[in-house]
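Scroll down for the structure; my scribbles are underneath it.
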Amino acid sequence: MSEIKLIEPTMAYEKDIWQLRQEIIESGDQDSFAGCGDLERCASVQEWIDTVHRYQKTETCPKDKVPSNMYIAVRERDNKIVGVIDLRHHIDHPILGTWGGHMGYSVRPSERGKGYAKEMVRQNLGHCRELGIHKVMITCDEDNVASRRVIMANGGVYEKSVEVDGCFVRRYWIPLEDGNK
C-alpha cells in the first residue's frame, strides 16, 4: 500500500473530489457515502467544502448535528484521493451515541482492498487524541466483514449489535488511553 495523508478538503482537489463522488454513485453501494458528509447531496465541490467548514465549529454547526472534521485521504505518490473520513467531536446525539459513532469512512470503490481504510482510521485516531477523546466508538453493518477487520486491526473491541431499521449494526470501542497508535 502506498502512503496516504489525511488533509482537509480544498478546491485544489475539486476535480478528484467530484470524480470520487461519481465513482461512489456509479458503484450503486448505498453505504459508500459513509463519512462523506453531504457530498452525495451537494451540487458542487464548493458547496460541500462550505458545508464541511460550517460543521467544524459548534457555533456554525446545524443544531441537529454535532461538530465534526472531514478529511480526504490522499495517496502521496500520485496525489489521488483514495477515500474520505470524518471525525465527530462527540457522540452526545441520539443516532451517533447509539449506532453512528465518532467516525465514518469510505474508500473509493476502485481503491478498496488495498489497506487504505485501516490506515485512514489509524491516522484519524490521532485526531481523536488531539481532541481529547479517550474512547472511540466506531460501527459497521453486521455483514460488512471488511470494515469489521479494519476496526479490529485498529484495536476495536466488540461491544454489541444494535438493530437499526431492520438491520444490525456492530458497535466497537477503541480505547486510546492504552496507547493505540
Original post:
Taking ARG108, is it of a type in the set (D, E, K, R), in contact with a strand residue (DSSP E or B) (Cβ under 6 Å, 6 or more places away or on another chain) and open to solvent by less than 20 Å² (accessible area, probe 1.4 Å)?
Top reply: yes
**OP:** For region 67-97, name all the residues that are open to solvent by 60 Å² or more (accessible area, probe 1.4 Å) and touching a strand residue (DSSP E or B) at 6+ places or on another chain (Cβ under 7 Å).
**Re:** GLU76
**OP:** Check GLU23 against each of (1) closer than 21 Å to ASP141 by Cβ; (2) out of contact with any Asp or Glu (no Cβ under 8 Å at 6 or more places or on another chain); (3) assigned to a helix (DSSP H, G or I); (4) open to solvent by less than 30 Å² (accessible area, probe 1.4 Å) and name the one condition it does not meet.
**Re:** (4)
Original post:
On the given criteria, is ASP92 under 17 Å from THR139 (Cα atoms) and assigned to a loop (DSSP other than H, G, I, E, B)?
Top reply: yes
Original post:
Quick one: would you say ASP64 is more than 15 Å from the chain's Cα centre (by Cα), at pLDDT below 95, closer than 22 Å to ARG148 by Cα and open to solvent by 60 Å² or more (accessible area, probe 1.4 Å)?
Top reply: no
Subject >> Unique residue being assigned to a loop (DSSP other than H, G, I, E, B) and open to solvent by 30 Å² or more (accessible area, probe 1.4 Å) when the list is LYS118, LYS160, LYS114 >> reply: LYS114
**OP:** Check off (1) open to solvent by less than 40 Å² (accessible area, probe 1.4 Å); (2) closer than 26 Å to TRP173 by Cβ; (3) part of a loop (DSSP other than H, G, I, E, B) for LEU39 and give me the number that stays unchecked.
**Re:** (2)
**OP:** Collect the residues in region 27-36 that are more than 11 Å from ARG108 (Cβ to Cβ) and not in a loop (DSSP other than H, G, I, E, B), keeping them in residue-number order.
**Re:** GLN30, ASP31, PHE33
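The values are calculated or read from the model by the stated rules, or taken from the named source; none is laboratory data. Keep in mind it's a predicted model, so treat the numbers as computed, not measured. No Cβ is skipped: glycine too gets one built from the backbone with ideal geometry, and neighbour counts run over all protein chains shown. Each accessible area value is taken on the protein alone, full model and side chains, heavy atoms only, with ligands, DNA and RNA left out. Shrake-Rupley method; radii C 1.70, N 1.55, O 1.52, S 1.80 Å.
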